[in-house]
Amino acid sequence: VASAHIEQLGLGLNEYLQLKHAMVAVEHHVQYRKAAFEGDELILRTWLSDLNALYSFRQYAFYRPQDQNVLFTGSTQWACIEIASGRPKRMSPSFTQAYQPLSDSINPYDFSTLYLSEEAKVIREESI
């Protein structure tokens, strides 16, 4: 879901290669709350919660609408690196303009709201 989100923001793998820098995962925190089972309909949601010159912070929530349960939450700290050297690099304006944190006015854990079109640029949601 994170890969689909960055593609939607216009900064997928091809753009990383052209810009010669990319975001790599530095740290993950996950909380498994309930099990998912084969055949379950799930909504996977991701959004950016914070950003600075070197790091972005992504949140995740997996939700099962059938019983209205959040099954999984997580967060990842991503660092910007220069692809050739693997060394930290300040994010270019292309990154900082595209990677905008979610507005405080949106509650990403409110699954009664589906995010479409323009809203989907700040929150990515997929059903599986």
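The values are calculated or read from the model by the stated rules, or taken from the named source; none is laboratory data. Predicted, not measured: the structure shown is a model, and the values here were computed from it. All Cβ positions, even for glycine, are placed from backbone atoms using ideal geometry, and neighbour counts span all protein chains on display. Note: areas computed on protein heavy atoms with side chains; ligands, DNA, RNA excluded. Shrake-Rupley method; radii C 1.70, N 1.55, O 1.52, S 1.80 Å.
Some values worked out for this structure:
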{"read-out": "Percentage relative contact order, the chain, counting C-alpha pairs under 8 Å, at least six apart", "value": "32"}
{"read-out": "Environment charge of Gln77, counting only residues whose C-beta is closer than 11 Å and scoring Lys/Arg +1, Asp/Glu -1", "value": "-1"}
{"read-out": "Peptides ranked, highest mean first, by Cβ atoms within 10 Å: ranges 40-53, 15-28", "value": "40-53, 15-28"}
{"read-out": "Contour minus Cα-Cα distance for Leu54 and Ser105 (0.36 nm per residue)", "value": "15.8 nm"}
{"read-out": "Carbon plus sulfur fraction of accessible area for the chain, probe 1.4 Å, in percent", "value": "50"}
{"read-out": "Sites Ala36 and Leu114, calculated FRET efficiency, Cβ-Cβ separation with R0 25 Å, nearest 0.05", "value": "0.80"}
{"read-out": "Length released on extending from Glu7 to Arg87, taking residue separation times 0.36 nm less the Cα-Cα span", "value": "26.5 nm"}
